[in-house]
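Just below is one structure, and these are the notes that go with it.
Throughout, read-outs are computed from the coordinates displayed, never taken from laboratory work. Keep in mind the model is a prediction, meaning the values are calculated, not measured. As a convention, Cβ positions derive from the backbone with ideal geometry for all residues, glycine included, and neighbour counts pool all protein chains shown.
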Amino acid sequence: MIDLIAAHVPDLLAQLDGREVQLIHEKHVLHTSGLTVKRIEPDWRNELLSLITNPNVAYVLMLIGIYGLIFEFATPGTLLPGIVGAVSLVLSLYAFQVLPISYAGLALMLFGLALLIAEAFAPSFGVLGIGGGLAFIIGSIFLMDTDAPGYGLSPVLVGVLGVANLAFFAFVLGAVFQARKRPVVSGAQTMVGSKAVALEAFEVEGQVRTKGEIWQARSPVPVEAEQALKITGTDGLVLLVKPLNSKEEI
């Protein structure tokens, strides 16, 4: 219920002058005519809290916090992403504590991020990524549980961050597929077909040198020191070798 509509503060004081208000035990008449208006500016602390509790700022802080912790867990020891992520996440939780948020919307956002992360570590040809992106955007739309002006999230911000999330995880997914297509470039498997030289005489197992590295090797026939060998396979970290034929070159 609205009792008065004033264009400015002096107009409000003029309309309040002479009005009678009911207190707990008595009535009181307001005398507001001629009062001096003293404006109290907020200090830096209140300005900072006002900035943090802005719904759009709190939304961005939450995402920075989540991604910071993800990068810290993915690359332990870098510290900076973890510190920035932890501080941002705590600030966003403080903001959400005083904002009228919908926990269903927040749960949808977190579920969407979880699906996007799962897509990066266990690619499902985009199924988890698309589902996660949609859940994230829908959760963002329903995050603020109020119609009051100034409390809603910017649709542009939600759209940009939603597309950015999808683009980021699409890039990660593409990198994973490219890595899977690359041939093996290290390890015992790359030694098959290469030449080796025995470092010692042995009947079953001994040491050989190949590509500048020393490996344990196993041969079906006795091998002499400095004998040229060919790698035919692997058994764990043991190379399977056989003597080179006279027609084969080292």
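Measuring from label point to label point, each 7 Å out along Cα→Cβ, what is the His8 to Thr75 span in nm?
In this crude label model, His8 to Thr75 measures out at 5.6 nm.
Measuring from centroid to centroid over Cα atoms, what is the spacing of segment 1-49 and segment 71-91 in Å?
47 Å
What's the extension gain from Ile141 to Ala104 if we count 0.36 nm per residue and subtract their Cα-Cα distance?
Values: separation 37, 0.36 × 37 = 13.32 nm, distance 1.09 nm.
Going from the current span to full extension adds 12.2 nm.
Loop-only trypsin sites (Lys or Arg not before Pro) in segment 1-103, please: DSSP not H, G, I, E or B, and at most 10 other Cβ atoms within 10 Å.
Values: sites: Arg19, Lys27, Lys38, Arg39, Arg45; in loops: Arg19, Lys38, Arg39.
Passing both the DSSP loop test and the Cβ count: Lys38, Arg39.
State the extension gain, in nm to one decimal, for the chain segment bounded by Ile83 and Ala201, taking 0.36 nm per residue of separation less the distance between their alpha-carbons. Please list the in-between numbers first.
On the way: separation 118, 0.36 × 118 = 42.48 nm, distance 5.69 nm.
So the extension gain works out to 36.8 nm.
Regarding segment 188-243, what whole-number volume in Å³ per residue does the convex hull of its Cα atoms give? Write out the running numbers ahead of the final one.
Values: hull volume 3.3 nm³, N = 56.
For segment 188-243, the hull spanned by Cα atoms encloses 59 Å³ per residue.
Given a Förster distance of 51 angstrom, what is the FRET efficiency for Ser50 paired with Arg209, based on the Cβ-Cβ distance and rounded to 0.05? Don't skip to the end; give the middle numbers.
Details: r = 70 Å, r/R0 = 1.37.
FRET efficiency, Ser50 to Arg209: 0.15.
Just to check, using Stokes-Einstein with a Kirkwood Rh over alpha carbon pairs, what's the diffusion coefficient of segment 2-142 at 25 °C and 0.890 mPa s in µm²/s? Before the final figure, lay out each step's value.
Details: Rh = 19.4 Å.
Diffusion coefficient, whole number: 127 µm²/s.
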